[in-house]
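Novice: Structure in structure tokens, see below.
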Amino acid sequence: MPIKGEDNLPSGEIAIDQVVRSPKGSGRRLRGAVAHYLGSAIVSGRIAPGERLTGEVENAEALDVSRSAYREAVQVLTAKGLVESRPKAGTRVLPRSRWNILDPAVLAWAFSGEPDLDFVRDLFELRAIVEPAAARLAAERRDKTDIRDLKDALTRMRRHTLATEEGRAADRDFHDVLLRATHNAALMALSASISAAVNWTTQFKQRMRALPRDPVPDHARVCEAIIAGDPELASSAMRTLVDLALDDTRTAM
């Protein structure tokens, strides 16, 4: 349902329409549903930075949830840097520069609709910086467990293809294993974010039609270079993988 401004509201304030009037679920489920609804509206730009949400009572009634569920949802958004609540000033949407855009939930909200092209570009620029360097380190530092897990993820990608959830899960595992194979704690901390970015862009690319090409061979070349212990080839293969994935995403958009 839409988020709308009301003519009788103060300037810059947003009222929230009903989301779904269905039987209430658990508190956690309601909190997640409200956070998803508001987060998606903010990330998509339907609620712009600087705009203020109406009060807790009004919004809880409009969304047909308890005040505590609404309050907890706002706390989720606050933790992710999307909004800020202050006494008397209310809850305002923060500038994009304050958002934790690498949070897996924020990425999911971004791709729940039509993502901003600049946002997609930013994600791929991050991947182009991080993943080739990670592949280089992985080729130098991988151990037997890393090689086994990398092969396993690739095998499952081939078996299921990226058109299935099983195949996309294997794709996420592949990128997770690659970062773990660096044995660098700081890079490993990016695993959830990189995997989420890979997952949502892959789903986005095939939302209207099949993937334009099979990206599994690109992953195979990265895997082979890492197993061979060739840092230069691993880095180059990963850079090619990311560049081709960006081309595919641009085509889908």
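The values are calculated or read from the model by the stated rules, or taken from the named source; none is laboratory data. Computed from a predicted structure; not experimentally measured. Cβ: placed from backbone, ideal geometry, glycine included. Neighbour counts: every protein chain shown. SASA here: full protein model, heavy atoms, side chains in, ligands and nucleic acids out. Shrake-Rupley method; radii C 1.70, N 1.55, O 1.52, S 1.80 Å.
Novice: State whether the residues of the stretch 72-86 include one that is of a type outside the set (A, V, I, L, M, F, W, C), at pLDDT 85 or above, part of a loop (DSSP other than H, G, I, E, B) and within 15 Å of the chain's Cα centre (by Cα). If you could, list the steps in order and put the result at the bottom.
Specialist: Our first condition is that a residue be of a type outside the set (A, V, I, L, M, F, W, C); within the stretch 72-86, this holds for 72, 75, 78, 80-81, 84-86.
Then drop every residue that is not at pLDDT 85 or above, which leaves 72, 75, 78, 80-81, 84-86.
Next, from what is left, pick out any that are part of a loop (DSSP other than H, G, I, E, B): 80-81.
From the residues that got through so far, the ones that are within 15 Å of the chain's Cα centre (by Cα) too are 80-81.
There is at least one residue in the stretch 72-86 that is of a type outside the set (A, V, I, L, M, F, W, C), at pLDDT 85 or above, part of a loop (DSSP other than H, G, I, E, B) and within 15 Å of the chain's Cα centre (by Cα).
Novice: Which of the residues spanning the stretch 33-61 are open to solvent by 20 Å² or more (accessible area, probe 1.4 Å), in a helix (DSSP H, G or I) and either touching a Ser or Thr at 6+ places or on another chain (Cβ under 9 Å) or within 17 Å of R86 (Cβ to Cβ) (or both)?
Specialist: Hits for the stretch 33-61 are H36, S44, E56.
Novice: Could you tell me which residue of the stretch 108-145 is farthest from Q203 (Cα to Cα), considering only residues that are loosely packed, with under 14 Cβ neighbours inside 10 Å and of a type in the set (A, V, I, L, M)?
Specialist: That would be I129.
Novice: Among the residues of the stretch 92-107, is there at least one that is in contact with a strand residue (DSSP E or B) (Cβ under 7 Å, 6 or more places away or on another chain) and either modelled with pLDDT under 90 or open to solvent by 60 Å² or more (accessible area, probe 1.4 Å) (or both)? Even if it seems obvious, please write down each step before you answer.
Specialist: Kept after step one, since they are in contact with a strand residue (DSSP E or B) (Cβ under 7 Å, 6 or more places away or on another chain), are these residues of the stretch 92-107: 92-94.
Next, from what is left, pick out any that are either modelled with pLDDT under 90 or open to solvent by 60 Å² or more (accessible area, probe 1.4 Å) (or both): 92.
Yes: one or more hits.
Novice: Among the residues of the stretch 240-251, count how many are buried (at least 16 other Cβ atoms within 10 Å of the Cβ) and farther than 17 Å from V177 by Cα.
Specialist: 4
Novice: Scan (1) hydrophobic (A, V, I, L, M, F, W, C); (2) assigned to a helix (DSSP H, G or I); (3) open to solvent by less than 20 Å² (accessible area, probe 1.4 Å) for the single condition L162 breaks and write down its number.
Specialist: L162 satisfies every listed condition except (2).
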